[in-house]
1. What about S144, is it among the polar types (S, T, N, Q) and touching a helix residue (DSSP H, G or I) at 6+ places or on another chain (Cβ under 7 Å)?
2. Only one residue in A23, A39 is modelled with pLDDT of 95 or more and more than 15 Å from V112 (Cα to Cα). Which one?
3. So, of the residues in segment 190-215 that are polar (S, T, N, Q) and touching a Phe, Trp or Tyr at 6+ places or on another chain (Cβ under 6 Å), which turns out to be surrounded by the most Cβ atoms within 10 Å (Cβ to Cβ)?
4. Confirm whether L182 is of a type in the set (A, V, I, L, M, F, W, C), under 21 Å from the mean Cα position of the chain (by Cα) and open to solvent by 10 Å² or more (accessible area, probe 1.4 Å).
5. Could you please find all residues in segment 15-36 being among the acidic types (D, E) and part of a helix (DSSP H, G or I)?
6. Quick one: count up the residues across segment 230-256 that are surrounded by fewer than 20 Cβ atoms within 10 Å (Cβ to Cβ) and touching a Gly at 6+ places or on another chain (Cβ under 9 Å).
7. When segment 363-380 is examined, which residues are found to be in a loop (DSSP other than H, G, I, E, B) and either at positive phi or surrounded by 10 or more Cβ atoms within 10 Å (Cβ to Cβ) (or both)?
8. Of the conditions (1) on the phi < 0 side of the Ramachandran plot; (2) buried (at least 17 other Cβ atoms within 10 Å of the Cβ); (3) at pLDDT below 90, G314 clears all except one; give me its number.
Amino acid sequence: MSVLELIGRDRPLFDEDVAAHEAELSAKVADGRFLVIGAAGSIGQAVVREIFKRGPRALHVVDISENNMVELVRDLRSTLGYIEGDFRTFAIDCGSVEFAALMRWSGGYDYVLNLSALKHVRSEKDPFTLMRMVDVNILNTIASIAQAEAGGAYKYFCVSTDKAANPVNMMGASKRIMEMFLMQASLVLPISTARFANVAFSDGSLLHSFNQRFAKRQPFAAPNDVRRYFVTPQESGELCLMSCLLGENRDIFFPKLSERLHLITFAEIAERYLRAQGYETYPCADEGEARACVDERLARKQWPCCFFPSDTTGEKDFEEFYTDRETLDMDRFERVGVIKSAPAFDAAKLEDFLERIAALKDRGLWGRDELVDLFHDLLPDFGHKDTGRYLDDKM
């Protein structure tokens, strides 16, 4: 069963828009020098594929995961083969002195696409991972924008998330704050971004865990009351590339809701997944029962599953791509909506945020509540949902 079938769809989201703009996309790629940051993540790999297959003059990719980078290259060589342009990989951190040296050595890029992010809601459990989230999602973005501008880039793209619209968790709030810094930087360098939903079977996602649990003959666990929108990895790559190459300064692209994009629960996908593998789901009362009955139930072609109501910190009751305070262009594309953003930001508050983050780091120790309060000060409407329970406390 294909990924599309598992998430309840029979057609890709953006095929009409990609086809309608293919000539422009291909021409810009063929004439461009590209840098992709966070290139070995699921979305990053999808973006790299979209660029690679259109034959860029140069495509340099950066990621801290050496192993995932190796797999990215193997995957490209095994499917698309080779390009005449300059294709190189660099296993370095985009916040490092090595990355700064790369930017100076490269002579600059026409397009810089930043796909790096700490994306998990579970990352907000401790203050140390939270500070790294600030580093990756906000501070590294600010630094790489400055480096792109210094190198003469035409455009900077940075991926956002649907969770940045009326955020209820620190991850979404960090991306909303990132968007504010993007608006500030857009005064000196054209910038665009994209918000979209869950990428089906992306690394570390719950759906990706289904592959891991099945391979290891372990129980499935999933919430049965959380309904989410899903896009495929290829669709995530297409949306990011369209935003980068077709978006105007400060545009935020998002998938339009339609008959092709609808809500589905994780439990429903688990049932479809197991059915496609020849198993029925076997609902268990708790984790202990699920772990204990694996061998017995698998022998009967039944897979132990724990489906439960969600009660963890940061889980939004519903998904949205924009707020009622944002201006939309719903006519330019068939399946893509565009948020037309004014360069609205409070420079003094953004500077205060950076100074307070620096002060916490200089102190050498900080509390989770201090970071939460700092986010609240910058985002007065931040509806942080903290239940005291976290995903790491569940199977």
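1. In short, no.
2. Exactly one of A23, A39 is modelled with pLDDT of 95 or more and more than 15 Å from V112 (Cα to Cα), namely A23.
3. Among them, the one singled out is S192.
4. Against the criterion (of a type in the set (A, V, I, L, M, F, W, C), under 21 Å from the mean Cα position of the chain (by Cα) and open to solvent by 10 Å² or more (accessible area, probe 1.4 Å)), L182 does not qualify.
5. Matches in segment 15-36: D15, E16, D17, E22, E24.
6. 1
7. Of everything in segment 363-380, those that are in a loop (DSSP other than H, G, I, E, B) and either at positive phi or surrounded by 10 or more Cβ atoms within 10 Å (Cβ to Cβ) (or both) turn out to be G364, W366, G367, L379.
8. (1)
The values are calculated or read from the model by the stated rules, or taken from the named source; none is laboratory data. As the structure is a computational prediction, the values presented were derived from the model and not from experiment. Cβ: placed from backbone, ideal geometry, glycine included. Neighbour counts: every protein chain shown. Surface areas here come from the heavy atoms of the whole protein model, side chains and all, with no ligands, DNA or RNA. Shrake-Rupley method; radii C 1.70, N 1.55, O 1.52, S 1.80 Å.
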